[in-house]
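The values are calculated or read from the model by the stated rules, or taken from the named source; none is laboratory data. Note that this is a predicted model, so its numbers are computed, not measured. Neighbour counts are summed over all protein chains in view; Cβ atoms, including those assigned to glycine, are modelled from backbone coordinates with ideal geometry.
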Amino acid sequence: MEASNGPGVTAREQALADFARYVNPQKVRVMRAAGLDVVEGRRDGAWVWDLDGRRFLDCFTSAGSFNVGRRHPRVVAAMHEAVDHLDHGNFLLCSAQKAALARKLAEISPEGLSCTTFGTGGGEAVDFALKLARGATRRAKIVSMVNGYHGHTGFALSAAGRDAYRAPFEPLMEGFVRVPFGDVGAVREAVDEDTAAVILEPVQGEGGVVVSPAGYLEALREVCDSSGAMLVVDEIQTGFGRTGRWFASEHSGVLPDIMTVAKSLGGSLVSISATVYTEELREFLIPNPFVHLSTFGGSDLACAVALATIQVIEEENLVENAARMGALLIDGLRTLARDRPEVVAEVRGVGLMTGLKYRDDSMGPRMSFQLAQHGVLAVYTGNDPSVMRIMPPLTVDADQVAFLLESLDAAMADMLSGKGPEPSRDRGRPRRRPSSSGAGGGT
């Protein structure tokens, strides 16, 4: 039962009113219009409950932050254990927790990436990656991709591929050049003797779940090798099993010089990011050991939780599960595309990083609304509203995938019938009872 904060005012409505007044009124308006005015209450595995008791299958997962699901019991236990014995730690001192996590990252990262600098979020990881590339090469130019997304901090924002994020703050940092994603010729033309790095996401997330074309990363590796530039892969959304490999660059076999990770590394409980790079690049830091500092980056608490998160992914075979369930999901999405050609233009993705491209931009927000009525949280991508990102936790099981596909089909039917936008009385209630056998299954 939802608690009341006054005559006729529920806890959910009070939270929305306070958020609008004290945080961001436009976000509340946008979320209401999209049927996503959800105020999270209970969280468990693949599911989240609104404060009014409605249950949703989480297929947004905070842009891939919840790979191990919400409040995984082993990760929660690691957090309790850490709080009982640790705190953030003194950032100036050496840390056993940082050392242990960095060693584990070296073990699971692509070959040659054995050194780590920690941060608190993805933008900070990208900032340091580009600082490191510039510092080590003593070059200025950074080549990034149109519709790429790397965060909203200084260097990261300068590399962003969408003008709407950049325009209010220009002039930004000099030396940044954007080229079309997937166009090898454009990269070859842009990279020269002054180029410090080429940065890209192996699968563009906010850009519309666009997978690197075959041979693209290999060609970029060749361009960087011939010019002396660094190849930086942003695995902040794609990392830790999301695409059916530990890291998306592994599908191509290409070894980057620098890799950024964040989001799911924190196991849905803590904020942590990492920039992982080669020993050769570490040489720049030897005479400059304090050139980049982060008071809470890689705190002792966060490192302990992140290490437990990686252990869960390993021991529960979640990378393999992402590959299996991703194949099942993509096959189902392609069937939907054949059955609903008036809605779906294209199915995109790899593993459990998938996207549906609709026939026009308006369908992204409308389908977010309709899916919420059928118990699914999914959001269109920031740089392309015609594409809906579908990224359930890596713990998802076959019954939950079936529920998702049925909900998508029903939501498309409702959208085509003109139903909405007023929420139905039973929105968020599944039409069939999903299995409780998988992680996060529940009632």
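Just wondering, is there one or more residues in the range 407-424 that are buried (at least 21 other Cβ atoms within 10 Å of the Cβ) and not in a helix (DSSP H, G or I)? Within the range 407-424, not a single residue is buried (at least 21 other Cβ atoms within 10 Å of the Cβ) and not in a helix (DSSP H, G or I). Comparison of Val233, Val223 shows that the only residue that is aliphatic (A, V, I, L, M), over 25 Å from the mean Cα position of the chain (by Cα), at pLDDT 95 or above and not in a loop (DSSP other than H, G, I, E, B) is Val223. Restrict the check to the range 163-176 and report whether at least one residue is touching a His at 6+ places or on another chain (Cβ under 8 Å) and modelled with pLDDT under 95. Taking every residue of the range 163-176 in turn, at least one turns out to be touching a His at 6+ places or on another chain (Cβ under 8 Å) and modelled with pLDDT under 95. Among the residues of the range 46-76, those that are in contact (Cβ under 8 Å) with a residue 60 or more places away in the chain, of a type outside the set (Val, Ile, Thr) and closer than 19 Å to Leu307 by Cα comprise Gly64, Ser65, Phe66, Asn67, Gly69, Arg70, Arg71, His72, Arg74. Note on the range 349-399: residues that are in contact (Cβ under 8 Å) with a residue 60 or more places away in the chain and in contact with a Gly (Cβ under 6 Å, 6 or more places away or on another chain) amount to 18.
Taking the range 16-27 as the range and being of a type outside the set (Phe, Trp, Tyr) and surrounded by fewer than 17 Cβ atoms within 10 Å (Cβ to Cβ) as the test, the residues that pass are Ala17, Asp18, Ala20, Arg21, Val23, Asn24, Pro25, Gln26, Lys27.
Confirm whether Ala337 is closer than 24 Å to Ala398 by Cα, at pLDDT 95 or above and touching a strand residue (DSSP E or B) at 6+ places or on another chain (Cβ under 7 Å). In short, yes.
For the range 111-153, the tally of residues that are free of Cβ contacts under 8 Å to residues at least 40 places away in the same chain and outside any loop (DSSP other than H, G, I, E, B) stands at 2. Of everything listed in (1) under 23 Å from Gly161 (Cβ atoms); (2) within 22 Å of the chain's Cα centre (by Cα); (3) outside any loop (DSSP other than H, G, I, E, B), the single unmet condition for Glu218 is (2).
Ser249 falls short of the stated requirement of being at pLDDT below 95 and surrounded by 20 or more Cβ atoms within 10 Å (Cβ to Cβ).
When we screen Gln26, Gln14 for residues that are more than 29 Å from Met325 (Cβ to Cβ), outside the structural domain of Gly151 (by TED's automatic domain parsing), in contact with a strand residue (DSSP E or B) (Cβ under 6 Å, 6 or more places away or on another chain) and not in a loop (DSSP other than H, G, I, E, B), the only hit is Gln14.
Is it the case that Leu172 is without any contact (Cβ under 8 Å) to a residue 40 or more places away in the chain, within 30 Å of Asp361 (Cα to Cα) and part of a loop (DSSP other than H, G, I, E, B)? Answer is yes for this residue.
Each row is one residue, and each column tells you yes or no for (1) touching a helix residue (DSSP H, G or I) at 6+ places or on another chain (Cβ under 8 Å); (2) surrounded by 17 or more Cβ atoms within 10 Å (Cβ to Cβ).
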| position | (1), (2) |
| --- | --- |
| Leu293 | no, no |
| Gly297 | yes, yes |
| Asp300 | yes, yes |
| Ala308 | yes, yes |
| Gln311 | yes, no |
| Asn317 | no, no |
| Asn321 | no, yes |
| Gly332 | yes, yes |
| Arg338 | no, no |
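Residue count for the range 80-110 satisfying the condition of being in a helix (DSSP H, G or I) and buried (at least 19 other Cβ atoms within 10 Å of the Cβ): 6. Applying the set (1) assigned to a loop (DSSP other than H, G, I, E, B); (2) touching a strand residue (DSSP E or B) at 6+ places or on another chain (Cβ under 7 Å); (3) among the β-branched types (Val, Ile, Thr) to Val396 leaves exactly one unmet item: (2). Ala20 meets the conditions (1) among the small types (Gly, Ala, Ser); (2) more than 30 Å from Met325 (Cα to Cα); (3) touching a residue at least 24 places away in the same chain (Cβ under 8 Å) in every case but one. The failed one is (3).
Conditions tested, residue by residue: (1) basic (Lys, Arg); (2) assigned by TED's automatic domain parsing to the domain that holds Cys59; (3) outside any helix (DSSP H, G or I).
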residue: Ala322; (1), (2), (3): no, yes, no
residue: Ala327; (1), (2), (3): no, yes, no
residue: Gly332; (1), (2), (3): no, yes, no
residue: Ala337; (1), (2), (3): no, yes, no
residue: Ala345; (1), (2), (3): no, yes, yes
residue: Arg348; (1), (2), (3): yes, yes, yes
residue: Gly355; (1), (2), (3): no, yes, yes
residue: Pro365; (1), (2), (3): no, yes, no
residue: Phe369; (1), (2), (3): no, yes, no
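Residues considered: Gly239, Gly207, Gly244. Of these, the only one that is in a loop (DSSP other than H, G, I, E, B), assigned by TED's automatic domain parsing to the domain that holds Glu124, crowded, with 24+ Cβ neighbours inside 10 Å and out of contact with any Leu (no Cβ under 7 Å at 6 or more places or on another chain) is Gly239.
Looking across Pro202, Pro256, Pro289, Pro180, one residue alone is of a type outside the set (Ser, Thr, Tyr), modelled with pLDDT under 95, assigned by TED's automatic domain parsing to the domain that holds Ile310 and over 30 Å from His80 (Cβ atoms). It is Pro289.
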